[in-house]
């Protein structure tokens with residue numbers, strides 16, 4: 001037996017690193033998570049640009065003027081398609097079903113670190129998923145009005161949104177331990193992404209859709225991201241975008257923490 | 001025995017799920033360094049006891065101390081002292097064996113050369129060669145079980161819980177696990193709490209056995225003492241026809257101590273099986289029953305369980 005071994009409690013940050021390393025290692029082993037997140041934004045980008053760029057340009061209905069760059073307008077939408085709903089929640093379900101979560105709970109690991117470690121890996125993944133979309137934009141002629149610094153902020157803000165939205169699938173995974181239930185979290189994606197200014201500017205929306213878009217936090221997130229690409233540094237737009245992320249985060253991460261507490265309770 | 005010498009001590013340990021008392025007032029006093037076999041049929045409450053002792057469940061009533069620590073109020077200390085391989089082989093199929101061993105070491109704060117040396121020891125224990133660097137999803141059942149055991153041992157716990165460690169294993173894998181359990185106990189002085197539904201496993205490994213039925217501890221003692229209490233010999237008769245009439249006919253014989261009916265099998269305890277065999281056969285024939293087999297054997301732990309509960313430990317035992 002090794003004499004110098006002394007088991008001890010590591011602490012929150014050390015445990016987060018351990019859990020995150022495991023989660024990061026799993027990412028390339030789960031191509032079914034990554035491949036759709038690479039294909040869907042590219043698909044929507046080309047379809048939307050092809051279908052709507054002429055409608056939004058010019059002076060007609062919904063027209064924003066001849067110099068309106070619909071490609072730049074669509075890059076934030078494509079980014080949100082890439083990062084929204086990406087999480088390791090199905091790994092949590094597998095851990096519950098195989099009993100691996102019980103094994104982890106028999107160690108002195110910090111319980112919160114089990115969730116935060118996974119989310120750290122999610123943050124790295126969604127940040128990585130924004131890169132191909134940005135490259136696609138650059139290839140198709142989009143440039144950032146805020147330069148490289150703005151592009152970095154763009155990636156961070158989009159990744160923060162991806163992280164916050166992941167609270168939904170984690171809450172469902174921890175509450176139910178059921179993969180089918182986790183997949184239903186995709187339903188929440190639709191009102192967030194479609195009842196907003198994802199495809200046309202707010203001035204082109206009318207009636208109830210315009211009202212829904214104004215109430216949708218994703219509208220403000222898109223405005224923040226678009227400001228970085230299209231107009232330059234806009235503190236107000238960025239703050240509104242961050243506040244929208246914060247508001248959604250309070251709900252999603254609150255639900256995830258409650259579900260974690262229920263799952264690790266020993267009752 | 002003082003509390004300090006006990007690896008596990010429970011008093012009135014109870015766990016209810018709604019109206020169901022899955023574990024009902026279990027008292028255990030297991031000295032350090034013992035292999036304790038916890039024997040019972042499926043659903044008897046074995047795993048619920050283990051989950052309480054491993055800090056995964058809190059008891060509804062009663063107390064439990066593991067490695068000297070209270071499982072409710074000192075759960076962290078308990079977790080640092082124990083290792084466990086639970087009923088399901090609980091390992092992440094997308095990681096390699098080595099990655100899982102390293103992760104477990106990190107979660108217990110094990111770093112540096114000592115940790116590396118421990119992982120090398122465990123790699124030897126797992127004994128799966130290059131497969132240690134392959135994903136667990138490619139492992140056989142036996143390889144997964146050995147890895148599961150190695151993960152439980154990473155931090156050299158003083159107390160190891162094994163919940164049905166050989167269920168589903170082929171005979172040679174089962175013997176390898178038994179050998180390792182014996183070695184851990186003998187060479188490292190590890191206390192081992194082993195739940196099983198296999199009689200031969202408890203007989204082979206445990207210095208003492210507790211038998212649990214419907215959440216209650218039916219009896220405990222050394223396997224030899226428990227079997228001795230059943231009687232010297234057992235005659236087993238597979239009888240078709242009026243089983244109660246056949247049992248009554250056997251009970252009327254002078255040399256018979258007890259007759260238990262389970263399904264179409266009569267289990268007959270007697271001090272001298274050889275002498276009783278002929279009278280039993282004649283009594284059964286006279287009762288009009290059709291005797292399909294008549295077997296003389298020494299008592300097993302299943303006979304202990306049968307005597308205490310009127311049922312068999314293992315499904316299909318009646319037909320055996």
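The values are calculated or read from the model by the stated rules, or taken from the named source; none is laboratory data. The structure displayed is predicted, hence computed values, not measured ones. Because the Cβ atoms are built from the backbone with ideal geometry, glycine has one as well, and the counts that use them run over all protein chains shown.
Things to note:
- Hey, residue B:138 in the same structural domain as residue B:33 (by TED's automatic domain parsing) and crowded, with 17+ Cβ neighbours inside 10 Å or not: no
- Hits in segment A:16-36 (condition: facing another protein chain (nearest Cβ under 7 Å) and under 11 Å from residue A:110 (Cβ atoms)): A:18
- Taken across segment B:47-54, residues that are touching a helix residue (DSSP H, G or I) at 6+ places or on another chain (Cβ under 7 Å), outside any strand (DSSP E or B), surrounded by 22 or more Cβ atoms within 10 Å (Cβ to Cβ) and within 9 Å of chain A (Cβ to nearest Cβ) do not occur at all.
- Selected residue [closer than 22 Å to residue B:17 by Cβ and either surrounded by 18 or more Cβ atoms within 10 Å (Cβ to Cβ) or not assigned by TED's automatic domain parsing to the domain that holds residue B:24 (or both)] from B:86, B:119, B:103: B:86
- Residue A:173 being within 30 Å of residue B:18 (Cα to Cα) and part of a helix (DSSP H, G or I): yes
- Lone qualifier among B:145, B:118 - being touching a residue at least 12 places away in the same chain (Cβ under 8 Å) and either in a loop (DSSP other than H, G, I, E, B) or facing chain A (nearest Cβ under 9 Å) (or both): B:118
- Unmet criterion (only one of (1) in contact (Cβ under 8 Å) with a residue 24 or more places away in the chain; (2) within 14 Å of chain A (Cβ to nearest Cβ); (3) in contact with a helix residue (DSSP H, G or I) (Cβ under 8 Å, 6 or more places away or on another chain); (4) farther than 20 Å from residue A:105 by Cβ) for residue B:202: (2)
- Search result, residues across segment B:16-44 that are in a strand (DSSP E or B) and over 23 Å from residue B:165 (Cα atoms): B:16, B:17, B:20, B:21, B:24, B:25, B:27
- Within the set B:280, B:291, the sole residue that is under 18 Å from residue B:242 (Cβ atoms), in the same structural domain as residue B:239 (by TED's automatic domain parsing) and not in a strand (DSSP E or B) turns out to be B:280.
- Search result, residues across segment B:55-78 that are at the interface with chain A (Cβ under 10 Å from one of its Cβ atoms) and assigned to a loop (DSSP other than H, G, I, E, B): B:55, B:56, B:57, B:58, B:59, B:60, B:71, B:72
- Residue match in segment B:21-38 (condition: surrounded by 15 or more Cβ atoms within 10 Å (Cβ to Cβ), touching a residue at least 40 places away in the same chain (Cβ under 8 Å) and within 14 Å of chain A (Cβ to nearest Cβ)): yes
- Residue match in segment B:183-190 (condition: in a loop (DSSP other than H, G, I, E, B), more than 15 Å from the chain's Cα centre (by Cα), surrounded by 18 or more Cβ atoms within 10 Å (Cβ to Cβ) and in contact (Cβ under 8 Å) with a residue 12 or more places away in the chain): yes
- Qualifying residue in segment A:80-91 (condition: surrounded by fewer than 23 Cβ atoms within 10 Å (Cβ to Cβ), in contact (Cβ under 8 Å) with a residue 12 or more places away in the chain and within 14 Å of chain B (Cβ to nearest Cβ)): yes
- Residue within segment B:165-177 that is at pLDDT 90 or above and part of a loop (DSSP other than H, G, I, E, B) present: no
- Residues that are within 12 Å of another protein chain (Cβ to nearest Cβ), at pLDDT 85 or above and buried (at least 17 other Cβ atoms within 10 Å of the Cβ) do not occur anywhere in segment A:45-63.
- Count of residues meeting criterion [surrounded by 15 or more Cβ atoms within 10 Å (Cβ to Cβ), at pLDDT 90 or above and assigned to a loop (DSSP other than H, G, I, E, B)] in segment A:176-210: 1
- Residues located in segment B:79-114, provided they are free of Cβ contacts under 8 Å to residues at least 24 places away in the same chain, more than 7 Å from chain A (Cβ to nearest Cβ) and either closer than 16 Å to residue B:191 by Cα or assigned to a loop (DSSP other than H, G, I, E, B) (or both): B:111
- When the test is whether a residue is assigned to a helix (DSSP H, G or I) and under 21 Å from residue B:179 (Cα atoms), residue B:123 passes it.
- Set B:29, B:44: member being more than 30 Å from residue B:100 (Cβ to Cβ) and under 15 Å from the mean Cα position of the chain (by Cα): B:44
- Exactly one residue among B:250, B:239, B:209 is in contact with a strand residue (DSSP E or B) (Cβ under 8 Å, 6 or more places away or on another chain), farther than 24 Å from residue B:49 by Cα and part of a strand (DSSP E or B), and that residue is B:239.
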